[in-house]
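Peer 1: Okay, here's the structure, questions in a sec.
The values are calculated or read from the model by the stated rules, or taken from the named source; none is laboratory data. What you see is a predicted model; the values in this text were computed from it and never measured. Counting neighbours? That spans all protein chains shown, and the Cβs are built from the backbone with ideal geometry, glycine included. Side chains are part of the model used for accessible areas, which takes the heavy atoms of the whole protein and leaves out ligands, DNA and RNA. Shrake-Rupley method; radii C 1.70, N 1.55, O 1.52, S 1.80 Å.
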Amino acid sequence: MASITQRLKQIRAQIRDAEQAYNRQPGAVQLLAVSKTKPSEAIACAYQSGQRHFGENYLQEALRKQQELGAYDITWHFIGPIQSNKTKALATHFDWVHSVDSFKIAKRLSEQRSDQLLPLNICLQVNISDEPSKSGVTLAELSQLCEQVAKLPNLKLRGVMAIPAPQQDFEQQRQPYKSLYQAAAKLGLDTYSFGMTGDLKAAIAEGSTIVRIGTALFGERDYS
Ligand SMILES: *Cc1c(COP(=O)(O)O)cnc(C)c1O
């Protein structure tokens with residue numbers, strides 16, 4: 001408990017420092033705590049230290065934790081790859097989906113989102129390093145997909161999400177975010193879901209409004 005609380009404090013301080021260093025408005029960057037593979041107890045602990053936004057990658061795991069944490073006022077973000085047969089559950093149980101990369105998926109999410117709920121917040125995932133194996137639309141496809149998704153009634157198109165190929169060098173970390181920001185800035189969006197544990201500062205330098213942090217907060221993940 002103590003360590004998650006301390007790490008949360010450190011990460012918040014890092015975000016504040018980067019906002020200041022790169023002339024961002026104080027509070028412009030929101031922290032999304034990425035809790036995939038971590039137990040509900042870890043989420044509860046971060047919650048008790050004031051964290052409200054949590055990101056999950058695997059649907060079944062997320063649904064189980066949502067049930068365990070039913071009494072908590074958590075905003076749930078889905079950030080993992082999306083299969084069409086999972087859209088109904090995503091549309092029902094999440095507040096945000098960051099990983100939309102086709103009109104087909106967006107349309108299903110809109111059709112399956114209940115009118116009783118607020119529109120589902122959407123980010124379009126862009127494959128910024130143009131790696132063939134990674135999900136996401138290309139920069140060239142982004143504006144058309146944006147136009148189509150913006151018209152869907154039960155979605156609220158918020159912005160873009162990217163997972164660039166990992167780089168050690170700070171300037172190289174900034175490059176993909178810079179190009180994506182420039183392309184997306186013309187599209188009237190308010191959310192840039194940029195940055196993970198390894199490149200948080202570069203992402204904030206290039207306009208991030210949501211950093212998705214797992215390892216720095218909850219420790220290394222064990223997939224065994
Ligand atoms: C796991 C994951 C993260 C968190 O990564 P860390 O390097 O552990 O901070 C962020 N975004 C996405 C899409 C992820 O799958």
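Peer 1: Being within 16 Å of the ligand (Cβ to nearest atom), at pLDDT 95 or above, in a helix (DSSP H, G or I) and under 24 Å from Leu217 (Cα atoms) is true for just one of Lys86, Lys65. Which residue is that?
Peer 2: Values: Lys86 fails: under 24 Å from Leu217 (Cα atoms).
From the options Lys86, Lys65, the qualifying one is Lys65.
Peer 1: Taking the condition of being away from the ligand (no atom under 14 Å from the Cβ) and β-branched (Val, Ile, Thr), how many residues in the range 205-224 meet it? Let's see the steps before the verdict.
Peer 2: Of all residues in the range 205-224, those away from the ligand (no atom under 14 Å from the Cβ) come to 205-207, 209, 224.
Keeping just the survivors that are β-branched (Val, Ile, Thr) gives 209.
So the count comes out to 1.
Peer 1: Kindly indicate which of Gln20, Gln10, Gln25 is among the polar types (S, T, N, Q), open to solvent by 70 Å² or more (accessible area, probe 1.4 Å) and not in a helix (DSSP H, G or I). Walk me through how you get there before you give the answer.
Peer 2: Details: Gln20 fails: not in a helix (DSSP H, G or I); Gln10 fails: not in a helix (DSSP H, G or I).
Answer to the check: Gln25.
Peer 1: All but one of (1) within 26 Å of Leu142 (Cα to Cα); (2) open to solvent by less than 10 Å² (accessible area, probe 1.4 Å); (3) among the aliphatic types (A, V, I, L, M); (4) within 16 Å of the ligand (Cβ to nearest atom) hold for Ala91; which doesn't?
Peer 2: The single condition Ala91 does not satisfy is (4).
Peer 1: Got a number for residues in the range 180-205 being more than 16 Å from the chain's Cα centre (by Cα), at pLDDT 95 or above and not in a helix (DSSP H, G or I)?
Peer 2: Matching residues across the range 180-205 total 0.
Peer 1: Tell me the residue from Ala183, Ala202 that is small (Gly, Ala, Ser) and either open to solvent by less than 20 Å² (accessible area, probe 1.4 Å) or touching a Pro at 6+ places or on another chain (Cβ under 8 Å) (or both), please. Write out each step before concluding.
Peer 2: On the way: Ala183 fails: either open to solvent by less than 20 Å² (accessible area, probe 1.4 Å) or touching a Pro at 6+ places or on another chain (Cβ under 8 Å) (or both).
Going through Ala183, Ala202 in turn, just one is small (Gly, Ala, Ser) and either open to solvent by less than 20 Å² (accessible area, probe 1.4 Å) or touching a Pro at 6+ places or on another chain (Cβ under 8 Å) (or both): Ala202.
Peer 1: Here is a further query. Assuming Asp169 fulfils every condition listed in (1) within 9 Å of the ligand (Cβ to nearest atom); (2) without any contact (Cβ under 8 Å) to a residue 12 or more places away in the chain apart from one, which condition is it?
Peer 2: (1)
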